[in-house]
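Colleague: One structure follows; several queries about it will come next.
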Amino acid sequence: MDDDDAKHILLNMRRTILDHYPIPEGSVVDARYAMAFGLILGICTECIQAVQQDRAMNVRLSHLGRDL
(Lines give C-alpha, C1' and ligand atoms only; values in the text may rest on other atoms or scores of the structure.)
Protein backbone atom coordinates (compact mmCIF):
# COMPACT_ATOMS: atom_id res chain seq x y z
CA MET A 1 0.00 0.00 0.00
CA ASP A 2 1.26 3.47 -0.80
CA ASP A 3 0.06 6.99 0.02
CA ASP A 4 -2.34 7.12 -2.91
CA ASP A 5 -3.96 3.85 -1.80
CA ALA A 6 -4.38 5.14 1.75
CA LYS A 7 -5.83 8.43 0.51
CA HIS A 8 -8.25 6.55 -1.75
CA ILE A 9 -9.43 4.37 1.17
CA LEU A 10 -9.93 7.39 3.45
CA LEU A 11 -11.79 9.36 0.78
CA ASN A 12 -14.06 6.41 0.02
CA MET A 13 -14.82 5.90 3.73
CA ARG A 14 -15.51 9.61 4.15
CA ARG A 15 -17.77 9.71 1.07
CA THR A 16 -19.70 6.61 2.16
CA ILE A 17 -20.24 7.94 5.67
CA LEU A 18 -21.24 11.41 4.46
CA ASP A 19 -23.95 9.82 2.30
CA HIS A 20 -25.70 8.80 5.54
CA TYR A 21 -24.54 11.44 8.03
CA PRO A 22 -26.19 13.06 9.81
CA ILE A 23 -28.61 10.21 10.25
CA PRO A 24 -32.11 11.36 9.21
CA GLU A 25 -34.50 12.23 12.01
CA GLY A 26 -36.84 9.37 12.84
CA SER A 27 -34.32 6.69 11.85
CA VAL A 28 -33.81 3.84 14.24
CA VAL A 29 -30.05 3.70 14.70
CA ASP A 30 -28.18 2.61 17.79
CA ALA A 31 -26.44 5.67 19.25
CA ARG A 32 -23.16 3.73 19.35
CA TYR A 33 -23.23 3.30 15.56
CA ALA A 34 -24.04 6.97 15.06
CA MET A 35 -21.15 7.96 17.33
CA ALA A 36 -18.78 5.56 15.56
CA PHE A 37 -19.70 7.01 12.16
CA GLY A 38 -19.07 10.52 13.46
CA LEU A 39 -15.70 9.57 14.94
CA ILE A 40 -14.60 7.77 11.77
CA LEU A 41 -15.66 10.73 9.64
CA GLY A 42 -13.75 13.11 11.91
CA ILE A 43 -10.61 10.98 11.82
CA CYS A 44 -10.76 10.61 8.01
CA THR A 45 -11.25 14.36 7.63
CA GLU A 46 -8.33 15.11 9.96
CA CYS A 47 -6.07 12.64 8.12
CA ILE A 48 -6.83 14.20 4.75
CA GLN A 49 -6.45 17.78 6.03
CA ALA A 50 -3.18 16.97 7.82
CA VAL A 51 -1.67 15.65 4.59
CA GLN A 52 -2.99 18.61 2.55
CA GLN A 53 -1.57 21.09 5.08
CA ASP A 54 1.70 19.13 5.57
CA ARG A 55 1.33 18.89 9.33
CA ALA A 56 1.03 16.22 11.99
CA MET A 57 -2.41 14.80 12.73
CA ASN A 58 -4.23 16.21 15.74
CA VAL A 59 -6.63 13.51 16.88
CA ARG A 60 -8.37 14.44 20.10
CA LEU A 61 -11.99 13.58 20.81
CA SER A 62 -12.75 17.21 21.65
CA HIS A 63 -11.68 18.28 18.13
CA LEU A 64 -13.05 15.52 15.91
CA GLY A 65 -16.56 16.90 15.55
CA ARG A 66 -15.71 20.58 15.23
CA ASP A 67 -15.75 20.71 11.40
CA LEU A 68 -18.78 18.51 10.79
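Colleague: Quickly run through region 26-49 and pick out the residues that are among the hydroxyl-bearing types (Ser, Thr, Tyr) and in a loop (DSSP other than H, G, I, E, B).
Modeller: Matches in region 26-49: Ser27 only.
Colleague: Further question: Take Ile17 and tell me if it is surrounded by 14 or more Cβ atoms within 10 Å (Cβ to Cβ), of a type outside the set (Ser, Thr, Tyr) and at pLDDT 80 or above.
Modeller: Values: surrounded by 14 or more Cβ atoms within 10 Å (Cβ to Cβ): yes; of a type outside the set (Ser, Thr, Tyr): yes; at pLDDT 80 or above: no.
Spelling it out, it is not the case that Ile17 is surrounded by 14 or more Cβ atoms within 10 Å (Cβ to Cβ), of a type outside the set (Ser, Thr, Tyr) and at pLDDT 80 or above.
Colleague: Moving on to the next point. Where the second residue is surrounded by 15 or more Cβ atoms within 10 Å (Cβ to Cβ) and the first is among the aromatic types (Phe, Trp, Tyr) and lies in region 30-43, which pairs have Cβ atoms under 7 Å and are six or more apart or on separate chains?
Modeller: Phe37/Ile17; Phe37/Tyr21
Colleague: Next up: Filter region 50-66 for residues that are part of a helix (DSSP H, G or I), farther than 18 Å from Leu11 by Cβ and either at pLDDT 80 or above or not small (Gly, Ala, Ser) (or both) and give the result.
Modeller: Matches in region 50-66: Leu61, His63.
The values are calculated or read from the model by the stated rules, or taken from the named source; none is laboratory data. Treat the numbers as computed from the prediction; the structure is a model and nothing was measured. Methodologically, a virtual Cβ is constructed for each residue, glycine included, from the backbone with ideal geometry; neighbour enumeration extends over all protein chains shown.
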